[in-house]
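Okay, so here's the structure we're looking at.
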Amino acid sequence: MIKLLTIIGARPQIIKAAAISRAIKNSFSTRIKEVIVHTGQHYDEKMSAVFFSELQIPGEDYNLKTGSGSHAVQTAEIMRLFEPILLHEKPDAVLVYGDTNSTLAGALATSKLHIPLVHVEAGMRSFNKLMPEEINRICCDHVSTFLFSPTQTGIKNLIREGFSAKTNPPYSINNPKIFACGDVMYDNSLYFSAEAKLKSKILESLSISSGQFILCTIHRDSNTDVAENLQAIFKALNNISLSANQPIVIPLHPRTAKAIAANQEDVLWQEIKNNNLIKIIEPVSFLDMIRLESECNLIITDSGGVQKESYFFKKPCVILRNETEWVELVDAGTAIIAGADSEKIIAAYQSLKTASLNFPPIFGDGKAAEFICNEILAAFN
């Protein structure tokens, strides 16, 4: 049996981890022992802990409780607290997800102790190094031994950066192996969508009907921490809701809520407050989010994960960023990049709401987690 230490910290990573933990429980429990380390990067109950029970993830074995802080402080604190766990547990490999500070800290601490690193969601690139996530994902990929990419575009990005498509075992940080595996979030979306329809009452609680509302999420600091950008986005949302006469549901990230509170005296925020079609709500559970995504008619977001989920559920998507690591969505015509520009957001919405869209199967077959577990086991046999 091999010991796999999984490090998670932010809400998206907890959700992704559910697919691997489920696969281990159902198919690999006699061959893989999973140890879960939660960094505490997301420490709000609604942003973190609730997902463990809802997604049937085993409870964490360790919680570092690092909390918030600057990028440097948070990353350094995770490394400081994580290293003794690595030395104590002596895992065969460490698994990290995505592109957060938890990912980077886990990757650096692991690689410096010469422990094989597994990166799920490798090869994703926005080609904008001003984004902290871009720095995190590039650094993580280049200290990994096993790189699992959800798409062929990710594989092409890795090869462009010098990774070989034809390495032979034994694999190491100097001889890494890259895989196209499909997306673990697609696994989860397929698995939990039926459960969400049965258990989630979010539409009923908001008095909205399936196919008759827009879903919006905003959380990136480039949007929340720049007053002009946040105002431009909400100006567009206000316009869209009134012109379409449709509700826009906004599960509010704590960072966004704080930014709005700091500017609530502005005329625009008074208009938003008085617009009954703008439904600003608390962060929602995973099952509630799945139901909102699967039953809305369009998604507006700056989240990479929600962009993908729009595709999984065949919904058009307006991207509130100037670039995306999920370029396949833009290439397929199901998503349009609008940034924090009111006119571009409105134009993208107008274009997508009447478009005839196709959603080719670019994110695998819904069995990425099983593929990843099998390949990890094969490498250690």
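Please treat every number below as a calculation from the coordinates, not as lab data. Predicted, not measured: the structure shown is a model, and the values here were computed from it. Here the Cβ is made from the backbone with ideal geometry for all residues, glycine too, and neighbour counts use every protein chain on show.
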* **For region 130-184, with +1 on Lys and Arg beta carbons and -1 on Asp and Glu, the positive-most of Ile178, Gly154, Thr167 along the dipole** => Thr167
* Asked: Can you flag which of Lys235/Lys258; Lys199/Lys314; Lys156/Lys308; Lys65/Lys177; Lys129/Lys314; Lys16/Lys315 are past 28 Å Cα-Cα?
  -> Lys65/Lys177; Lys129/Lys314
* To the nearest 20 debye, what charge dipole does the chain have about its Cα centre, counting +1 at the Cβ of each Lys and Arg and -1 at the Cβ of each Asp and Glu? -> 560
* Asked: How large is the Kirkwood hydrodynamic radius of the chain, in angstrom, based on all distinct alpha carbon pairs?
  -> 21.2
* **Kyte-Doolittle mean at least -1.0, axial Cα span of 24 Å or more - DSSP H helices of the chain** => 11-27, 71-89, 227-244
* region 201-353 - charge dipole about Cα centre, Lys and Arg +1 at Cβ, Asp and Glu -1, debye rounded to 20 -> 360
* Structure fact -> If one builds a Gaussian network model of the chain from Cα atoms under 10 Å apart, the most fluctuating residue listed among Ala236, Ala18, Ala107 is Ala236
* Asked: Residue farthest toward the positive end of the dipole of region 201-353, with Cβ of Lys/Arg at +1 and Asp/Glu at -1: which of Gly304, Ile260, Ser351?
  -> Ser351
* Asked: Binned at 5 Å from 0, what are the whole-percent values of the Cα-Cα distance distribution for region 168-235, short to long?
  -> 3, 10, 11, 11, 11, 14, 15, 9, 7, 6, 4, 0
* **Cα-centre dipole for region 305-378 with unit charges at Cβ (Lys and Arg positive, Asp and Glu negative), debye to 20** => 340
* **Residue-averaged 222 nm ellipticity for the chain, from DSSP H runs of 4+ at -39500 (n - 2.57), nearest 500** => -14500 deg cm²/dmol
* Along the positive direction of the dipole of the chain (beta-carbon charges: Lys, Arg +1; Asp, Glu -1; about the Cα centre), which of Ser29, Pro58, Asn245 reaches farthest? -> Ser29
